[in-house]
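Enquirer: Let me begin by handing over the structure; questions about it come next.
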Amino acid sequence: MDTFLQQIFNGLTLGSIYALVALGYTMVYGIMGLVNFAHGEVVMIGALTALAVIKPLAAAGLPGPLAVLGGIAVAIPVAMLLGFCIERIAYRPLRNAPRLAPLITAIGVSIVLQQLAMIIWGRNYHSFPPLMPATVREFGGAQITDLQIIIVIVAGAMMVGLLLLVNVTRLGRAMRATAENPQIAGLMGVDANRIISLTFVIGSALAAVAGVMVAANYGIAHYNMGFILGLKAFTAAVLGGIGNLAGAMLGGILLGIIESLGAGYIGDLTGGFMGSDYQDVFAFFVLIVVLIFRPSGLMGEKVSERA
Amino acid sequence: MLEVINLEVYYGGIAAVKGISFAVEKGEMVALIGANGAGKTSTLKALARMLPSAGSIRFCGEEIAAVPSHRLIGQGLGMVPEGRGVFARLSVAENLAMGAYSRRGDAQIDGDLARVYEMLPRLKERNKQLAGTLSGGEQQMLALGRALLGRPSFLLLDEPSMGLAPLMVQKVFETIQAVAASGVTILLVEQNAKLALETASRGYVMEGGRITLADSAANLLADPRVRQAYLGE
Ligand SMILES: Nc1ncnc2c1ncn2[C@@H]1O[C@H](COP(=O)(O)OP(=O)(O)OP(=O)(O)O)[C@@H](O)[C@H]1O
Ligand SMILES: [Mg+2]
């Protein structure tokens, strides 16, 4: 088996998911200069909500992929509503507060959502039923499943859709104008509050889909899956240059690949001293290196001051 | 058309505008002049509801002190902010499209855009260029064109001559006069008092947050206090 190619495939899958989540961080940061640390919990709620729908649907005899689609169809609006409420309740009242304040409420929201999920879904790991096609295909000595291919294609399509929305449509233009200067966009008739709400809602929709992908990919979901995932996606956003959409996509994919390669080779490199369970270390190593050597990220602009 | 009574603007506890009252009639061009820090920009920002303020602001007979900023363009109140405020990372064409944002579905936008391009041909040549890469004068033109695409009946202009070479200033003011001639009411803030008073029909002089003089532009130009303080004599 070709370890290198195998880890590239795995990394691409993982990276597509990170990219979807990283987009949520970067969109919010781009528009209001805020790191929404509760975003990872939206991913988690999305995954668990979808699962709660998928299980009965599958039990009722619906074909696997349809049951999963049904779960996603419910998880997306739930996550959107959640994102909307998070902004309204936790961030809007602090719009003009010092920067530390919304950061602290973000952590508070994270804790509340985790506890809420624990109350609803319990502390247990929920297994994601193997409903998606798991056919294994061989490519150059490495294996890739249909599920992985689906994840990469769906994530790619969503990213293209987002880029089109932001770069081509009237709404996207208003989003970019608001990100640059909300007061002046206001003079043109743009309601900045509406744009900010929409940004949270769109990011949350992506997060819900990403949540289902993670759960399907690893086969499990649980109430604290959002924390590490959120941190990694945030790392991906910083790696790409926070505030930059294409950067978040690139950062996500790169981080996924770095992590997978790292996990694949760390055993050999350390003579078996460290195993692939050290996978998570790589993300944070990347975060530290980026923050030291290129804090503006790969595609970020040098000056990241808000106008 | 615009009637302001006892307008006050505070930054923290410090008053920048200390209870001014003035009016602008439909079809007029009125100048508001004053030294650095007199409170001109604060006044305009309060009128555009970009800053909280006390006092009454009546626009077309309606109190707008409680109207959020983004609703004003729909009522006909447009503004070219100090320092132009073009969206640097949007193209010229996108900036202009933002100007027409409030007119969703209006079939006349294309015609208005063609007119702006005709009046400001530089913008047409450079319509794909990012606004941040335009020269200062071109940015001022863009800010003006963008504001016009909102179809304002009343336009607030904050120092359109700032930082421009004399030739460019002349060009900008010719454009402003053309806009006024097309029936748009204008409140013009300028540090270049001579130019402002030569262009406007009436003027107010602001000092330390208060209006200290109000008269026809011709009288102000002849007033020894104005000549000494603002025309360098
Ligand atoms: N954001 C702010 N915070 C605190 N004080 C401010 C702020 N903006 C303006 N001021 C103060 O309010 C007063 C009026 O400022 P304003 O910008 O309205 O003056 P201006 O007449 O437009 O001056 P200029 O000709 O230099 O543009 C000044 O003393 C200024 O220092
Ligand atoms: Mg000013």
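Please treat every number below as a calculation from the coordinates, not as lab data. Not measured: the values here are computed from a predicted model. Note: ideal-geometry Cβ built from the backbone for every residue, glycine included; neighbour counts use all protein chains shown.
Enquirer: Starting from residues that are among the aliphatic types (A, V, I, L, M) and within 16 Å of ligand 2 (Cβ to nearest atom), keep the ones in the range B:1-13 and report whichever is nearest to B:Asp215 (Cα to Cα).
Expert: B:Leu7
Enquirer: Scan the range A:76-85 and tell me whether some residue there is closer than 20 Å to A:Gly243 by Cβ and surrounded by 13 or more Cβ atoms within 10 Å (Cβ to Cβ).
Expert: Yes, there is a match, as at least one residue in the range A:76-85 is closer than 20 Å to A:Gly243 by Cβ and surrounded by 13 or more Cβ atoms within 10 Å (Cβ to Cβ).
Enquirer: Among the residues of the range B:224-233, is there at least one that is under 23 Å from B:Gly163 (Cα atoms), in a loop (DSSP other than H, G, I, E, B) and among the charged types (D, E, K, R)?
Expert: For the range B:224-233, residues under 23 Å from B:Gly163 (Cα atoms), in a loop (DSSP other than H, G, I, E, B) and among the charged types (D, E, K, R): present.
Enquirer: Just give me the residues in the range B:71-93 being touching a residue at least 12 places away in the same chain (Cβ under 8 Å) and not in a loop (DSSP other than H, G, I, E, B), in sequence order.
Expert: B:Leu72, B:Ile73, B:Gly74, B:Gln75, B:Leu77, B:Gly78, B:Met79, B:Val80, B:Ser91, B:Val92, B:Ala93
Enquirer: Now for a separate question. For residues that are surrounded by 19 or more Cβ atoms within 10 Å (Cβ to Cβ), under 21 Å from B:Ser21 (Cα atoms) and of a type in the set (A, V, I, L, M), tally how many sit in the range B:51-82.
Expert: Going through the range B:51-82 one residue at a time, the tally reaches 6.
Enquirer: Being within 16 Å of ligand 1 (Cβ to nearest atom), surrounded by fewer than 20 Cβ atoms within 10 Å (Cβ to Cβ) and not in a loop (DSSP other than H, G, I, E, B) is the filter; apply it to the range B:160-194 and report the residue that is farthest from the other protein chains (Cβ to nearest Cβ).
Expert: The residue in question is B:Lys194.
Enquirer: Quick one: which of B:Arg202, B:Arg227, B:Arg151 is of a type in the set (D, E, K, R), away from ligand 1 (no atom under 16 Å from the Cβ), out of contact with any strand residue (DSSP E or B) (no Cβ under 6 Å at 6 or more places or on another chain) and in contact (Cβ under 8 Å) with a residue 40 or more places away in the chain?
Expert: Exactly one residue qualifies, and that residue is B:Arg151.
Enquirer: Is it fair to say B:Ala114 is more than 16 Å from ligand 2 (Cβ to nearest atom) and crowded, with 17+ Cβ neighbours inside 10 Å?
Expert: For B:Ala114, the condition - more than 16 Å from ligand 2 (Cβ to nearest atom) and crowded, with 17+ Cβ neighbours inside 10 Å - is not met.
Enquirer: If I ask for residues that are within 12 Å of ligand 2 (Cβ to nearest atom), within 14 Å of chain A (Cβ to nearest Cβ) and not charged (D, E, K, R), which ones from the range B:35-60 would you list?
Expert: B:Thr41, B:Ser42, B:Leu44
Enquirer: Only residues that are surrounded by 15 or more Cβ atoms within 10 Å (Cβ to Cβ) and either charged (D, E, K, R) or within 16 Å of ligand 2 (Cβ to nearest atom) (or both): list them for the range B:16-34, please.
Expert: B:Ala16, B:Val17, B:Lys18, B:Ile20, B:Glu28, B:Ala31, B:Leu32, B:Ile33, B:Gly34
Enquirer: Every residue in the range A:113-132 that is assigned to a helix (DSSP H, G or I) and either exposed (fewer than 14 other Cβ atoms within 10 Å of the Cβ) or aromatic (Phe, Trp, Tyr) (or both), please.
Expert: A:Gln115, A:Leu116, A:Ile119, A:Ile120, A:Trp121
Enquirer: Residues of the range B:83-111 being hydrophobic (A, V, I, L, M, F, W, C), within 14 Å of chain A (Cβ to nearest Cβ) and surrounded by fewer than 22 Cβ atoms within 10 Å (Cβ to Cβ), which ones?
Expert: Hits for the range B:83-111 are B:Ala88, B:Leu90, B:Ala93, B:Ala97, B:Ile109.
Enquirer: Something else: Return yes when B:Leu144 is in contact (Cβ under 8 Å) with a residue 60 or more places away in the chain, within 16 Å of ligand 2 (Cβ to nearest atom) and within 14 Å of chain A (Cβ to nearest Cβ) and no when it is not.
Expert: Considered against the rule, which asks whether it is in contact (Cβ under 8 Å) with a residue 60 or more places away in the chain, within 16 Å of ligand 2 (Cβ to nearest atom) and within 14 Å of chain A (Cβ to nearest Cβ), B:Leu144 comes out as no.
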